[in-house]
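These notes concern the structure reproduced below.
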Amino acid sequence: MIIPVYNPGKYIEPAIDSLLRQTLPASEFEVLFVNDGSSDDTPAMLDKLAAEHAHFRAIHIPNSGWPGKPRNVGVDEARGEYVQFLDQDDYLASDALRRLYEMGHRNGSDIVIGKVASNFRGVPHGVFKADRDKVDITNFPLYDSLTPHKMFRTAFLRENKIAYPEGKRRLEDQLYMMETYFPAKVVSILGSYTCYYYSKRDDGKNAGSAKLVPSGYYKNLREVLDVVVANTEPGEFRDKLLRRFYRVEMLGRISEPAILRYEDDYRDEMIDEIQALERDFVTEGVHDGLGAIQRMRSSLLRSNDREGLIRIARFSASVKATARLEDAEWTGNGRMRVALSAQLVHGEEQVPFEFEERDGRYFLSPDLTRELLGSDEPVDVTGELDGFAAELSLRNRESAVEWPCPATFAAELEDAAGGRKRVVLRGTGYLPTEAVKGRGRIGKGMWDVWAPVRGLGVVKKARIGADRDTALDANCFPALLGSPARRVIPYFTDPYGNLTLDVSRGARDLSQVMEGKPLHLASEHPAELRLEIYTSARTAPRDTVVELANAEGAHRVKAALVPALDRAHLRLPGKVRGVPAGEYDLTALLTNPEKPGVRLCGATVDGSGRLAVTGVDLLDPATLAEIAAKRRKDLFKRAVRSVGVPIARKLPASARKRLRGLAARL
């Protein structure tokens, strides 16, 4: 572990704590704090840490003013098979090093990239959609992840003489990463576990927060682009790499909101420097591969229309994604299914983008083109309509961890006014809180539901729920999932009305959420209560506790939670011991017995301990019959399995196949 350190103050404490909590044994990793001439009490603090922990080491060097030299010193001093960079104001998840190292060692990786989360800077979520054992820069967009907070094979860095540029400069991370990606034969990506957390400092002094000087910044960017050119041949691959830097480091600096805040002289200096690089590196292939909005911005830059750049920035600031929640319901496997439609819109009125058809090709609305480019030059988007896409994700409001959700969307070209067309994305997705393939349960917290929408070269994210039929609210009742049981409470935020999942966070009390919800009897004796709480055979928590309370005292007895037609049924004991005869209030302690329970109904206990509930109506006959039929079917399945499986194990493969077919028909 290599950590450049300079006057960190309290902001280094999470990093130190996370290193002390690593599940990788302390004997298998070493932490190198490289103190870059700190002027406070940091040297003494690091020496004390090193004295207390055998796997911590403090290295002191004269102040270099930037993290490049401390990182190089760390690599030179490293004795491990891999090195992992960590900034002093960030921290690692507790199982990060173990998982990263195991993945790297298993694959012989030159670089291992762990999933990151940030509460203040952009994260390339597309890179982390799945675990990937072996990729490289030619077959995967590694250039979307250019921060150095990764795990590198030490010998790989030394053999390729890869080192950080030293001294104060910009874009040293991009230069370092591009110099590592080209020779790397195996890059592994751990996308199923959030390893690295970028933390926003409350004093605003995160690295890279200082105002940039255009001349120095673009001189440093030229060095990065020179690396790309030196390692590629002219053509599509080179254009793809150069386009990334053109889009982000060049056009991105003269886009909204930044360009709208620049002083005139500073804006002109920025544009001058960008134009010099554009002339040297941006080919027609780079330009033509941009999405429509960025392509128009590029055209304005190339024609030196500086007022036009401000004009398109103001317009682009109005571009948003909108989503309408069409349906929401719990499904039989513990996930909430949502159906939605989404669009890209623009302007104060938030109108959808419209396209004009001519001779089988599609163009941006001429009115819009005229407004942005100041000319009637058509903007052909025929090849981009298929590129409209939407996704679904859950984002933790506190930790900023974001997880993609399974979803399928289709782009539909619909009629608009005046014979024009617009693109609407319609799809269905699932919000899984329990373990899924490649990922464990999501952590406790408030998880907001987002729909990223992509099209015309932009990506905008929409919250889901504010635009909905309020009849859907009845479908968003709480769930009890997993073992130990966790409450998952979907709700619509106040005042915006967006869909959020409260996963055992406690911001929503289950007793309050359940107040006034329907309650019915599925069986009178022993009593079985049907709760308006979702659960299923795969996710039911099984055992729970109920409390019988009156003026004389309270008594707790065990009960069972069983699933029935996607609802939790509370099955009470027929008799209770040690509970005096009398009338009681019945409360279910469905999750934590120390938390307030859900007050259900009245109950009576007679002299023989017989328990009965009062004030609850029996379920309607049709639902009771459906529950009974389902239970008979489940009982029959279990009987078939208990008899058939031992027999099947003794049969040849062909006979086992026939037996499975027979069981399915039964």
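The values are calculated or read from the model by the stated rules, or taken from the named source; none is laboratory data. Since this is a predicted model, take the numbers as computed values, not measurements. Cβ sites come from the backbone with ideal geometry, for glycine too, and all protein chains shown count toward neighbours. Accessible surface areas use protein heavy atoms only, side chains included; no ligands, DNA or RNA. Shrake-Rupley method; radii C 1.70, N 1.55, O 1.52, S 1.80 Å.
Out of Asp144, Asp133, one residue alone is under 19 Å from Arg99 (Cβ atoms) and surrounded by fewer than 16 Cβ atoms within 10 Å (Cβ to Cβ). It is Asp133. Scanning segment 157-173 for residues that are out of contact with any helix residue (DSSP H, G or I) (no Cβ under 8 Å at 6 or more places or on another chain) and either among the aromatic types (Phe, Trp, Tyr) or crowded, with 17+ Cβ neighbours inside 10 Å (or both) returns a single hit, Asp173.
Residues checked against (1) open to solvent by less than 50 Å² (accessible area, probe 1.4 Å); (2) in a strand (DSSP E or B); (3) in contact with a Lys or Arg (Cβ under 9 Å, 6 or more places away or on another chain):
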residue: Asp265; (1), (2), (3): no, no, no
residue: Glu273; (1), (2), (3): no, no, yes
residue: His287; (1), (2), (3): yes, no, yes
residue: Ile293; (1), (2), (3): yes, no, no
residue: Ile310; (1), (2), (3): yes, no, yes
residue: Asp327; (1), (2), (3): yes, yes, yes
residue: Met336; (1), (2), (3): yes, yes, no
residue: Leu340; (1), (2), (3): yes, yes, yes
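crowded, with 20+ Cβ neighbours inside 10 Å and either of a type outside the set (Ser, Thr, Tyr) or within 30 Å of Glu329 (Cβ to Cβ) (or both): is that true of His569 in this structure? When the stated conditions are applied, His569 passes them. When the residues of segment 312-325 are filtered to those that are in contact (Cβ under 8 Å) with a residue 60 or more places away in the chain and open to solvent by less than 40 Å² (accessible area, probe 1.4 Å), the one that is farthest from Ile271 (Cα to Cα) is Leu325. Pairs are defined by a Cβ separation below 7 Å, a sequence spacing of at least 6 or placement on different chains, a first member in segment 630-654 that is at negative phi, and a second member that is assigned to a helix (DSSP H, G or I) and open to solvent by 60 Å² or more (accessible area, probe 1.4 Å); the pairs so defined are Ala648/Arg656.
Residues are listed down the side, and each one gets a yes or a no for (1) farther than 24 Å from Ala390 by Cβ; (2) in contact with a strand residue (DSSP E or B) (Cβ under 6 Å, 6 or more places away or on another chain):
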position	(1), (2)
Gly104	yes, yes
Val112	yes, yes
Ala117	no, yes
Pro124	no, no
Phe128	no, yes
Asp131	no, yes
Val135	yes, yes
Asn139	yes, no
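Could you tell me which numbered condition Asp367 fails, if it satisfies all but one of (1) surrounded by fewer than 15 Cβ atoms within 10 Å (Cβ to Cβ); (2) modelled with pLDDT of 95 or more? Result: Asp367 fails condition (2) only. Contact map, segment 226-252: residues that are over 13 Å from Leu175 (Cβ atoms) paired with residues that are surrounded by fewer than 16 Cβ atoms within 10 Å (Cβ to Cβ) and of a type in the set (A, V, I, L, M, F, W, C), Cβ distance under 6 Å, separation 6+ or inter-chain. No pairs are found. Scanning segment 56-72 for residues that are under 19 Å from Thr154 (Cα atoms), open to solvent by 30 Å² or more (accessible area, probe 1.4 Å) and not charged (D, E, K, R) gives a single hit, Pro67. Of the residues making up segment 85-129, those that are acidic (Asp, Glu) and either surrounded by 21 or more Cβ atoms within 10 Å (Cβ to Cβ) or touching a Pro at 6+ places or on another chain (Cβ under 9 Å) (or both) are Asp87, Asp89, Asp90, Asp110. Return a yes/no flag: does segment 90-108 have any residue that is within 27 Å of Ser393 (Cα to Cα) and in contact with a Lys or Arg (Cβ under 7 Å, 6 or more places away or on another chain). Yes.
Taking the condition buried (at least 19 other Cβ atoms within 10 Å of the Cβ) and out of contact with any Asp or Glu (no Cβ under 9 Å at 6 or more places or on another chain), does Ala390 pass? Taking the combined requirement at face value, the residue satisfies it. Here Arg247, Arg238, Arg297, Arg314 are screened, and the one residue that is more than 24 Å from Asn220 (Cα to Cα), in a helix (DSSP H, G or I) and within 33 Å of the chain's Cα centre (by Cα) is Arg314. Among the numbered conditions (1) assigned to a helix (DSSP H, G or I); (2) open to solvent by 30 Å² or more (accessible area, probe 1.4 Å), the only one that Tyr197 does not meet is (1). The residues of segment 477-497 that are surrounded by fewer than 21 Cβ atoms within 10 Å (Cβ to Cβ) and either more than 24 Å from the chain's Cα centre (by Cα) or outside any strand (DSSP E or B) (or both), listed by number, are Phe477, Gly482, Ser483, Pro484, Thr493, Asp494, Pro495, Tyr496, Gly497. When each of Gln275, Gln343 is tested for being touching a residue at least 12 places away in the same chain (Cβ under 8 Å), of a type outside the set (A, V, I, L, M) and out of contact with any strand residue (DSSP E or B) (no Cβ under 6 Å at 6 or more places or on another chain), the lone residue that passes is Gln275.
Considered as a group, the residues in segment 141-154 that are touching a residue at least 60 places away in the same chain (Cβ under 8 Å) and either in contact with a strand residue (DSSP E or B) (Cβ under 8 Å, 6 or more places away or on another chain) or of a type in the set (Val, Ile, Thr) (or both) include one that is nearest to Val75 (Cα to Cα), and that residue is Thr154. Regarding segment 410-421, can at least one residue be identified that is of a type in the set (Lys, Arg), assigned to a strand (DSSP E or B) and open to solvent by less than 60 Å² (accessible area, probe 1.4 Å)? There is at least one residue in segment 410-421 that is of a type in the set (Lys, Arg), assigned to a strand (DSSP E or B) and open to solvent by less than 60 Å² (accessible area, probe 1.4 Å). A Cβ distance below 6 Å, combined with a sequence gap of six or more or placement on separate chains, defines the contacts here; from segment 155-175, residues that are among the β-branched types (Val, Ile, Thr) and at pLDDT 95 or above reach residues that are buried (at least 19 other Cβ atoms within 10 Å of the Cβ) and outside any loop (DSSP other than H, G, I, E, B) in the pairs Ile162/Glu179; Ile162/Thr180. Considering segment 455-473, the residues that are open to solvent by 50 Å² or more (accessible area, probe 1.4 Å) and hydrophobic (A, V, I, L, M, F, W, C) include one that is nearest to Tyr491 (Cα to Cα), namely Ala466.
Of all residues in segment 320-346, those being out of contact with any Leu (no Cβ under 9 Å at 6 or more places or on another chain) and at pLDDT below 95 number 4. Out of Thr500, Thr544, one residue alone is within 28 Å of Pro432 (Cβ to Cβ), in contact with a Leu (Cβ under 8 Å, 6 or more places away or on another chain) and among the polar types (S, T, N, Q). It is Thr544. When you scan segment 342-354, how many residues do you find that are surrounded by 14 or more Cβ atoms within 10 Å (Cβ to Cβ) and polar (S, T, N, Q)? Of the residues in segment 342-354, 1 are surrounded by 14 or more Cβ atoms within 10 Å (Cβ to Cβ) and polar (S, T, N, Q).
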